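One structure below.
The values are calculated or read from the model by the stated rules, or taken from the named source; none is laboratory data. All values reported here derive from a predicted model rather than from experimental measurement. Neighbour counts run over all protein chains shown; Cβ positions are idealised from the backbone, glycine included.
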Amino acid sequence: MYNLLIKELKLGISPFFYVLPFLTGALMLIPAWLYFLVTLYFCFITMPNLFGGYKSQNDLMFTSMLPVKKSDMVKAKISFIVILELLHIVTAVIYGLISIRLYPNMTYYFFAPSFGFWGLSFVMLAIFNIIFIPMYYKTAYKYGAASIASITAAILFAVGAEWLGIQNSFVNDLFKGAGAESLPIQITLLLSGIAVFAICTIIAYYIANKRFEKVEM
Amino acid sequence: MLALDLKKVNKQYEHFRLKDISFQLEKGYIMGFIGANGAGKTTTIKAILNLVRMDSGEISILGKNMAEHELELKQEIGSAFGDINFYTRSTIKTLTNVIKTFYRNWDDDTYHKYMKKFKLIEDKKIAELSTGMKVKYSLTLALSHGAKLLILDEPTSGLDPAARDNLLDIFQELVQDGEISILFSTHITSDLEKCADYITYIHNGQIINSAEKEEFVDTYRLLNGKKEQLDMIKDRLISYKINSFGFTGLIHTKDFDPSLTIKSSTPNLEEIMIYFSRKEDQDV
């Protein structure tokens with residue numbers, strides 16, 4: 001499994017995509033922007049490019065010929081996606097901290113880059129993963145429909161969350177009102193988001209694994 | 001010992017089916033796997049490598065069941081698909097460094113020996129290699145991890161005559177010690193005349209014949225007769241062609257009565273293939 005992950009890191013991707021999080025993360029410096037977009041760029045750019053590369057380089061056939069378990073192939077690929085997602089979020093969080101210090105008196109219409117917001121971003125990626133990964137592993141090469149469905153769902157979540165943040169007094173209070181001032185609440189929101197992300201990704205792995213067992217090269 | 005043993009392998013697709021594929025390859029020999037395009041060569045090879053799941057049947061490699069010992073056996077198999085390329089923009093070096101981590105018996109000395117022997121340059125990208133070089137690189141990888149069975153799908157297709165001859169010489173060298181066995185598919189029959197010990201012929205998803213090369217050819221006779229003689233023997237012929245002098249047809253040796261005055265000769269592999277593919281057209 002470890003050597004498969006190394007294979008992903010070394011072969012599967014252009015080094016550009018390791019730099020990209022630092023570029024998209026810099027968008028956090030736009031004052032009071034719609035910050036969900038920053039992590040969404042991962043779904044818009046990195047994922048389709050990554051899976052397009054796999055398809056054109058015959059990654060499925062290449063990996064299948066190696067002495068590896070099918071379940072490890074899925075595990076390695078999902079781990080790689082998670083590593084990239086974390087890279088995107090962590091760099092965005094760092095830029096977010098800078099952003100808050102740069103503009104201390106900013107009025108945020110959308111979510112500010114708080115820990116609670118990053119919790120929501122994790123949930124957004126969780127939704128993306130649980131749709132994209134199982135759909136992709138029906139064939140293990142077609143990524144178009146899976147991308148469209150998962151990106152749409154992620155956007156809908158972001159829109160819904162922002163709308164609730166503006167319209168719903170409870171959510172508004174939690175993320176922008178009194179809740180924003182309370183570190184325990186913020187940390188709880190973040191940890192809950194991470195938990196949802198972990199659970200969804202693990203479920204995605206189990207479904208994907210089952211489907212991939214039936215895939216023939 | 002058998003390097004490869006297929007027993008009644010079946011696989012059903014919507015428009016094609018592999019039917020009761022059975023054949024054996026003795027350790028230390030080369031088997032040519034021939035058949036027309038679309039006959040089922042690649043599908044059979046994929047079934048051997050467990051890339052497609054067979055519906056029924058049994059495949060054993062080096063005495064072990066492939067379905068049960070897939071990972072262990074894949075350590076001992078080297079495979080190459082002539083027409084599929086992987087990670088073409090990566091250099092040989094990058095690819096090798098990734099691939100070698102998967103094999104417990106990887107030997108760097110063997111790797112460098114064959115890289116030198118085949119004149120492969122580590123800094124070259126896969127896309128820059130000629131078709132022949134790509135096959136040689138696949139062979140180098142297989143030999144470096146100590147593969148005992150080489151399964152090659154159309155390794156000679158797309159090679160010029162000199163490169164093909166060179167590759168066939170390499171195959172023969174490899175099996176010399178009796179440790180390595182090779183199964184390679186091709187539709188170029190002259191390859192087999194040059195270097196195969198055994199021949200397995202697949203046609204429309206079925207094995208027509210699998211035998212030692214001379215025996216394989218000896219199973220058939222090519223007949224040259226006059227038009228009036230055709231009716232006498234028509235039913236027993238596999239297929240025939242009519243020309244202005246009479247007819248030529250292929251027959252199983254056992255069905256041929258030598259007392260007939262029809263001229264007979266030993267066919268070559270190409271003729272066997274051609275007459276078998278005519279069979280369907282005539283049956284329809």
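Output the residues belonging to segment B:81-92 that are among the aromatic types (Phe, Trp, Tyr) and either more than 22 Å from residue B:149 (Cβ to Cβ) or away from every other protein chain (no Cβ under 14 Å) (or both). The one that is among the aromatic types (Phe, Trp, Tyr) and either more than 22 Å from residue B:149 (Cβ to Cβ) or away from every other protein chain (no Cβ under 14 Å) (or both): B:87.
How many residues are surrounded by 17 or more Cβ atoms within 10 Å (Cβ to Cβ) and away from every other protein chain (no Cβ under 14 Å) if we restrict to segment B:15-61? Matching residues across segment B:15-61 total 18.
Scanning segment A:144-160 for residues that are surrounded by fewer than 21 Cβ atoms within 10 Å (Cβ to Cβ) and not polar (S, T, N, Q) returns A:144, A:145, A:148, A:149, A:151, A:153, A:155, A:156, A:157, A:159, A:160.
Please tell me if residue B:82 is farther than 15 Å from residue A:63 by Cβ, modelled with pLDDT under 90 and of a type in the set (Gly, Ala, Ser). So residue B:82 fits the description; yes. Among the residues making up segment A:1-53, a single one is within 11 Å of another protein chain (Cβ to nearest Cβ) and out of contact with any helix residue (DSSP H, G or I) (no Cβ under 8 Å at 6 or more places or on another chain): A:2. I need the full set of residues from segment B:62-80 which are more than 7 Å from every other protein chain (Cβ to nearest Cβ), outside any helix (DSSP H, G or I) and within 30 Å of residue B:188 (Cβ to Cβ), in order please. Matches in segment B:62-80: B:62, B:66, B:76, B:77, B:78, B:80. Only residues that are surrounded by 18 or more Cβ atoms within 10 Å (Cβ to Cβ) and away from chain A (no Cβ under 11 Å): list them for segment B:93-107, please. Correct list: B:96 only.
Looking across segment B:65-75, just one residue is buried (at least 17 other Cβ atoms within 10 Å of the Cβ) and farther than 21 Å from residue A:1 by Cβ, and that is B:66. Whenever a residue of segment A:31-44 is assigned to a helix (DSSP H, G or I), its partners that are crowded, with 21+ Cβ neighbours inside 10 Å and of a type in the set (D, E, K, R), lying with C-beta atoms within less than 7 angstrom and at least six residues away or across chains, give the pairs A:42/A:85.
Taking helices (runs of 4 or more DSSP H) as the structural unit, those lying wholly within segment B:176-282 and holding at least 1 residues that are surrounded by 20 or more Cβ atoms within 10 Å (Cβ to Cβ) correspond to B:189-195, B:213-218.
The sole residue among A:64, A:79 that is closer than 30 Å to residue B:76 by Cβ, in a helix (DSSP H, G or I), more than 14 Å from chain B (Cβ to nearest Cβ) and of a type outside the set (Val, Ile, Thr) is A:79.
Restricted to segment A:84-106, and to residues there that are outside any loop (DSSP other than H, G, I, E, B) and among the polar types (S, T, N, Q), the residue that is farthest from residue A:10 (Cα to Cα) is A:99. Residues that are surrounded by fewer than 19 Cβ atoms within 10 Å (Cβ to Cβ), closer than 29 Å to residue B:46 by Cβ and under 16 Å from the mean Cα position of the chain (by Cα) do occur in segment A:46-53, at least one of them.
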